[in-house]
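Heads up: the structure comes next, in structure tokens.
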Amino acid sequence: MKRVVITGAGTINALGHSVPETLEAMREGRCGIGELDIRDVERLSIRIGGQVRGYEAESHFNRQQISLYDRFTQFTLLAAREAIEQSGLTFEGQLAAEAGVVLGTAGGGVNTWDENYRAVYEEGKNRVHPFVVPKLMNNAAASHVSMEWNLKGPTFTVATACASSNHAMGQAFHMVRSGMARAMVTGGSESMLCFGGVKAWEGLRVMSKDACRPFSANRNGMVQGEGAGIFVFEEYDHAKARGAEILAEVVGFAMTSDASDIVMPSKQGAARAISGALRDARLDPSQVGYINAHGTGTAANDKTECAAVADALGKHADRIMISSTKSMHGHLIGGTGAVELLACIMALRDGVIAPTIGYEEPDPECALDVVPNEAREADVDVVLSNAFAFGGLNAVLALRRV
Amino acid sequence: MATASTDTAVRDKVIRIIADQAVLEPSDVSMEQTLDDLGIDSLGLVESIFAIEEAFDIQVPFNANEPENSEFDISSVAAIVRAVEDLVAQQS
């Protein structure tokens with residue numbers, strides 16, 4: 001089995017258009033959630049989100065590219081550029097054949113669906129642009145990354161709702177660890193902050209109208225975000241031989257299914273995924289210093305997640321720090337685990353634990369150290385990143401400092 | 001039915017659409033050129049046809065599976081202009 005390390009990271013999300021901007025915001029506990037600026041927002045009852053601000057597609061892509069790139073693909077390409085440039089890799093010859101792309105997204109080109117349904121249903125148009133299908137398909141982002149950087153190995157997209165990018169990164173990890181690939185571009189993206197996207201979420205009645213306050217007794221639901229997080233996973237010896245800067249090592253991954261309910265989470269399923277990731281990494285619960293929580297800010301998730309962590313880590317649960325950065329960037333659905341992995345890397349590399357902001361009242365059912373409101377300095381060697389999706393699909397990654 | 005001035009209008013519009021796809025000035029597109037000459041690939045062709053349908057509010061009988069066997073002649077810029085003129089005349 002090969003060791004797997006992260007040699008590049010990139011992002012665009014409500015907290016910033018790059019990794020340094022995002023980490024600075026996380027260190028400062030800044031909130032990227034605000035009033036939604038989208039068409040027909042007045043017909044929505046949920047009017048806040050973690051929207052990417054100050055973004056003009058035209059300043060990054062030409063007209064032809066924009067006709068093919070949905071917003072989720074645009075975000076992916078920008079984040080991938082940052083990650084691949086940081087890694088210093090050039091994909092040519094044998095390396096190109098041994099490198100691929102596995103990305104997560106829940107909805108794919110939701111803005112493209114939305115705009116074109118609007119055109120044919122609301123505006124009564126009988127003709128749509130010829131690129132609607134290649135623009136909206138869930139694998140569009142992965143394919144464009146593959147084309148842009150000449151990645152010719154295994155390339156596909158994983159869709160497991162809110163766990164999509166953790167499942168994707170788990171696949172990438174397995175491929176590099178098994179020797180099936182030398183390097184993988186992985187992570188995820190999502191962009192469903194459009195009228196239809198938000199309207200669909202409204203229907204579930206799990207959205208907050210004012211803020212995302214994970215683990216706080218007065219929480220009232222989740223807030224949706226958008227953006228992408230992309231990483232380069234690389235075989236350790238390969239990275240070492242070329243003198244690459246190593247951001248962290250991926251040491252374990254586990255996935256489980258609750259096999260119980262399509263929306264309600266299960267403590268057992270989540271706990272099995274956490275324990276499984278530790279077992280896969282050959283780590284003891286006592287070694288874990290920080291967990292980036294799924295922490296959606298819904299009562300169902302937060303209580304179940306805290307109970308699952310307590311179950312899986314036993315007495316060590318009272319000693320670890322667990323925070324939800326969704327309080328700052330919102331819930332990026334299929335891209336969320338990827339942006340949250342940045343907080344894990346910051347914990348390992350910089351010794352800074354991102355806070356759970358918006359924390360106002362302790363909840364006895366979430367009695368863990370949730371790093372309320374302010375970032376904290378701490379020396380941690382091992383971190384976990386939780387993702388628990390609708391459909392009862394759980395995916396947990398374990399990372400270690402190198 | 002069509003007058004000389006509308007003929008020119010159709011031609012000018014079609015050339016503008018094709019030039020747009022080829023990223024050229026309309027003055028750099030000549031009637032005898034093929035789409036190949038202009039560097040327009042299959043996606044560019046489909047996009048041009050969409051733009052023509054939108055611009056003239058017509059239906060272009062074109063099947064991307066077999067572009068050569070479509071009723072719509074795309075063998076040169078002149079052929080496309082002629083085909084669009086016919087469609088405009090039939091469908092208006």
Which cross-chain or sequence-distant (5 or more) residues have an amide H under 5 Å from the amide H of A:SER208, H modelled 1.01 Å from N in plane?
A:MET222, A:VAL223
Quick one: the Cα spread of chain A along its three principal axes, in angstroms, biggest first?
62, 54, 39
For the range A:1-153, which whole-number percentage of the solvent-accessible area (1.4 Å probe, protein heavy atoms only) is attributable to carbon and sulfur atoms?
48 percent
Diffusion constant of the range B:4-91 at 37 °C, which comes from Stokes-Einstein with the Kirkwood Cα-pair radius and 0.692 mPa s, µm²/s:
256 µm²/s
Say we join alpha carbon atoms closer than 10 Å with springs in a Gaussian network model of chain A; which of A:ASN386, A:ASN373, A:ASN292 then has the biggest fluctuation?
A:ASN373
Starting from the Cα of A:LYS267, draw a straight line to each of the aspartates and glutamates and keep only those under 17 Å, dropping any in the same chain fewer than 8 residues away.
A:ASP258, A:ASP302, A:GLU305, A:ASP311, A:GLU365
Mind running the shape call on the range A:1-124? Use the C-alpha gyration tensor, a ≥ b ≥ c as the square roots of the eigenvalues: rounded below 1.5 for a/c, prolate if a/b tops b/c, oblate otherwise.
oblate
Collect residues whose amide H, placed 1.01 Å from N in the peptide plane, falls under 5 Å from the amide H of A:VAL352; neighbours closer than 5 in sequence don't count.
A:ALA347, A:ALA378
Hey, if you put +1 on the Cβ of every Lys and Arg and -1 on every Asp and Glu Cβ in the protein assembly as shown, which of A:VAL396, A:SER45, A:ALA317 ends up farthest toward the positive end of that dipole?
A:ALA317
Residues with beta-carbon under 14 Å from that of A:ALA168, excluding A:ALA168: net charge, scoring Lys, Arg +1 and Asp, Glu -1?
-2
Would you mind classifying the range A:251-400 by shape? Square roots of the alpha carbon gyration tensor eigenvalues, ordered a ≥ b ≥ c; an a/c under 1.5 is rounded, otherwise it is prolate if a/b is larger than b/c and oblate if not.
rounded
Considering only DSSP states other than H, G, I, E and B, which trypsin sites (Lys or Arg not before Pro) in the range A:307-391 qualify as loop sites with at most 14 other Cβ atoms within 10 Å?
A:ARG319
Using a 10 Å cut-off on Cβ atoms, rank the peptides A:167-173, A:76-82, A:260-266 from the highest mean neighbour count down.
A:167-173, A:76-82, A:260-266
Note down the magnitude of the dipole of the range A:4-241 about its Cα centre, charges +1 on Lys and Arg C-beta and -1 on Asp and Glu C-beta and zero elsewhere, to the nearest 20 debye.
520 debye
Nearest 5 is fine: what % of DSSP beta bridges in chain A come out antiparallel, could you say?
65 percent
In order over the range A:342-350: 3J(HN,Hα) from phi, Karplus 6.51/-1.76/1.60, θ = phi - 60°, whole Hz, x for each Gly or Pro, gives 4, 5, 5, 5, 4, 4, 6, 8, 9
A:ASN373/A:ASP318 FRET efficiency (R0 22 Å; Cβ-Cβ; nearest 0.05)
0.65
Three-way shape call for the range A:4-241 based on the alpha-carbon gyration tensor, with the a/c threshold at 1.5:
oblate
In the range A:4-241, what percentage of the DSSP-assigned beta bridges are antiparallel, given to the nearest 5?
60 percent
Using Cα-Cα distances under 8 Å and only pairs 6 or more residues apart, what relative contact order does chain A have, in percent?
24 percent
Under 10 Å, Cα contacts only: if you run a Gaussian network model on chain A, which one of A:THR186, A:THR90, A:THR336 comes out with the highest mean-square fluctuation?
A:THR90
Can you show me the helix-derived [θ] at 222 nm for chain A, built from DSSP H runs with n ≥ 4 at -39,500 (n - 2.57) apiece and divided by the number of residues, rounded to the nearest 500.
-10000 deg cm²/dmol
Under 5 Å, built H, 5+ apart or other chain: amide partners of A:GLY297
A:PHE215, A:ASP302
In Hz, Karplus ³J(HN,Hα) per residue of the range A:159-175 (6.51, -1.76, 1.60; θ = phi - 60°; x = Gly, Pro):
10, 10, 6, 6, 9, 3, 6, 5, 4, 4, 5, x, 5, 4, 4, 4, 5
For the protein assembly as shown, give the magnitude of the charge dipole about the Cα centre (Cβ charges: +1 Lys/Arg, -1 Asp/Glu; no others), in debye to the nearest 20.
1900 debye
Between the modelled labels at A:LEU68 and A:ASP284 (7 Å from Cα along Cα→Cβ) the distance in nm is 5.4 nm
Size of charge dipole - the range A:137-242 - debye, nearest 20, with Cβ of Lys, Arg +1 and Asp, Glu -1, no other charges
200 debye
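The values are calculated or read from the model by the stated rules, or taken from the named source; none is laboratory data. Computed from a predicted structure; not experimentally measured. Cβ atoms come from the backbone with ideal geometry, glycine included; neighbour counts cover every protein chain shown. Each accessible area value is taken on the protein alone, full model and side chains, heavy atoms only, with ligands, DNA and RNA left out. Shrake-Rupley method; radii C 1.70, N 1.55, O 1.52, S 1.80 Å.
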